[in-house]
Amino acid sequence: MHELINGLFLWAVTLTGYEKPDELPVVEAVSHQQLVKTLCDDQFCTAVAYYDTDTHIIYYDERMDLRQDQGARGFIIHEMVHYLQDINGELVPTEMSCEQRIEKEQEAYRVQQYFLKEHKEPTFQIDLAVAVLANVCKGANVRE
């Protein structure tokens, strides 16, 4: 698994241009129930992975098969972009405007999308997410 994570991390570093830290991010499988509890306050959601800025750990749904599924790998690369943003001082959620947060999310989606296209995987869900993000901050005057 270490080689797989290292390879995915190299994709993320190469496609973003962020400085590569000395250590790989920790990538840890958790139950879907734990993801729902953490990200969606125990309400139904389709979350499959996230990066925790407090622990610097990437968590993913244990049902995903990283060894075989390029789509699952794409989610990990997306979260690795957030890890790189954080380590490079670009991701400070409590101090960022809505537009700045969306810009960082769009960057992660662009890298994920590129990875998926290179592996001949569909990207329609990413296209949709990027399109929706473009309008999230319209009319929002509050820092998130």
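Quick look at the values:
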| item | result |
| --- | --- |
| Stretchable slack from Asp22 to Ile57, in nm (0.36 nm times residue separation minus alpha-carbon distance) | 11.1 nm |
| Estimated vicinal HN-Hα couplings, Hz - region 84-96 in sequence order (Karplus 6.51, -1.76, 1.60; Gly, Pro = x) | 5, 4, 5, 4, 8, x, 9, 10, 10, x, 6, 10, 9 |
| Distant-in-sequence amide H partners of Ala29 (H built 1.01 Å from N, under 5 Å) | Tyr60 |
| Relative contact order (percent, whole number), the chain, Cα cutoff 8 Å, 6+ residue spacing | 23 |
| Equivalent ellipsoid semi-axes, the chain, via Cα gyration tensor eigenvalues times 5, rooted, Å | 22, 18, 17 |
| Karplus-derived HN-Hα couplings along region 8-20 (A = 6.51, B = -1.76, C = 1.60, θ = phi - 60°), whole Hz, x at Gly and Pro | 5, 5, 4, 4, 4, 5, 5, 7, 9, x, 5, 5, 7 |
| Reachable lysines from Lys138, criterion Cα separation under 25 angstrom, eight or more residues apart if same chain | Lys104 |
| Arg67-Val30 FRET efficiency (beta carbon distance; Förster radius 30 Å; 0.05 resolution) | 0.95 |
| Per-pair calculated FRET efficiency, R0 = 25 Å: Ser97 and Ala131 via Cβ, rounded to 0.05 | 0.75 |
| Sorted by Cβ density within 10 Å, fewest first, the residues Met96, Met1 | Met1, Met96 |
| In Hz, Karplus ³J(HN,Hα) per residue of region 29-34 (6.51, -1.76, 1.60; θ = phi - 60°; x = Gly, Pro) | 7, 9, 5, 4, 4, 5 |
| Mean ellipticity per residue at 222 nm, deg cm²/dmol - from DSSP H runs of n ≥ 4 across the chain, formula -39500 (n - 2.57) | -16500 deg cm²/dmol |
| Chymotrypsin sites (Phe, Trp or Tyr not before Pro) lying in DSSP loop within region 10-48, provided at most 14 other Cβ fall within 10 Å | Phe44 |
| Inter-part distance where region 4-48 and region 93-123 are each reduced to a Cα centre, Å | 13 |
| Residues Glu28, Glu79, Glu3, sorted so that the one with the fewest Cβ neighbours within 10 Å comes first | Glu3, Glu28, Glu79 |
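Each value in this text was obtained by applying a stated rule to the coordinates, not by laboratory testing. Source: prediction; values computed, not measured. Note: ideal-geometry Cβ built from the backbone for every residue, glycine included; neighbour counts use all protein chains shown.
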